[in-house]
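Contents: one structure, followed by commentary.
The values are calculated or read from the model by the stated rules, or taken from the named source; none is laboratory data. Model, not experiment: these values are computed from the prediction. Heads up, the Cβs are rebuilt from the backbone with ideal geometry, glycines too, and the neighbour counts pull from every protein chain shown.
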Amino acid sequence: MPDAKRTPDTAHMKATMRRYVDLFNAGEHTAVADLYADEAMIEDPVGKRPVTGRAAIEKFYADSIAAGAKLTAHEVTGSYGNRSAMRFSADLPGLHIDGIEVMTFGEDGKVVRMEAFWGPDDFQAV
């Protein structure tokens, strides 16, 4: 029987999601991008044109941080597979967003896809 596909363990996935929030809030856009595989994709929010590739992902986070965004992780969950989810909030000047992020991990433990689920019903002016 062939070897089953290896996936990162739940502890790694949860720790990576928490590290992602900590690095983002510290303004470390390059370090956030380092959590991703070279050809990873971000869809934030889901339905928007995806951001693909290391350079575009680093720019996405640099722009988000420059806009004054701060993240809060409320719950982080793992799975038996290669995905982890997080209920989060994002606060920007004058705006609060509540949503869910799902990260898919490659065999090397890097994020290969991030999907953020939020829409018009999930944000409010503050």
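What to note about this one:
- Listed by first and then second residue, the pairs linking a residue in region 97-126 that is farther than 18 Å from residue 51 by Cα to a residue that is of a type in the set (Val, Ile, Thr), with Cβ atoms under 9 Å apart and 6 or more places separating them unless they lie on different chains, are 107/7; 109/16; 122/97; 123/97; 124/97.
- The set of residues in region 27-63 being assigned to a helix (DSSP H, G or I), of a type outside the set (D, E, K, R) and under 15 Å from residue 114 (Cα atoms) consists of 32, 33, 56, 57, 60, 61.
- Consider region 1-46 and keep the residues that are of a type in the set (Lys, Arg) and farther than 20 Å from residue 69 by Cα. The one that is surrounded by the fewest Cβ atoms within 10 Å (Cβ to Cβ) is 5.
- When region 73-91 is filtered for residues that are surrounded by 14 or more Cβ atoms within 10 Å (Cβ to Cβ) and assigned to a strand (DSSP E or B), the ones remaining, listed by number, are 73, 76, 77, 83, 84, 85, 86, 87, 88, 89, 90, 91.
- Scanning region 1-60 for residues that are in contact (Cβ under 8 Å) with a residue 24 or more places away in the chain and β-branched (Val, Ile, Thr) gives 7, 10, 16, 21, 30, 32, 42, 46, 57.
- Residue check for residue 116: touching a Leu at 6+ places or on another chain (Cβ under 8 Å), outside any helix (DSSP H, G or I) and either more than 21 Å from residue 6 (Cβ to Cβ) or not aliphatic (A, V, I, L, M) (or both): no
- Just so you know, in region 52-61 the residues that are surrounded by fewer than 16 Cβ atoms within 10 Å (Cβ to Cβ) and either of a type in the set (Lys, Arg) or in contact with a helix residue (DSSP H, G or I) (Cβ under 7 Å, 6 or more places away or on another chain) (or both) include one that is farthest from residue 110 (Cα to Cα), and it is 59.
- Meets criteria (among the basic types (Lys, Arg), modelled with pLDDT of 95 or more and loosely packed, with under 14 Cβ neighbours inside 10 Å) for residue 49: yes
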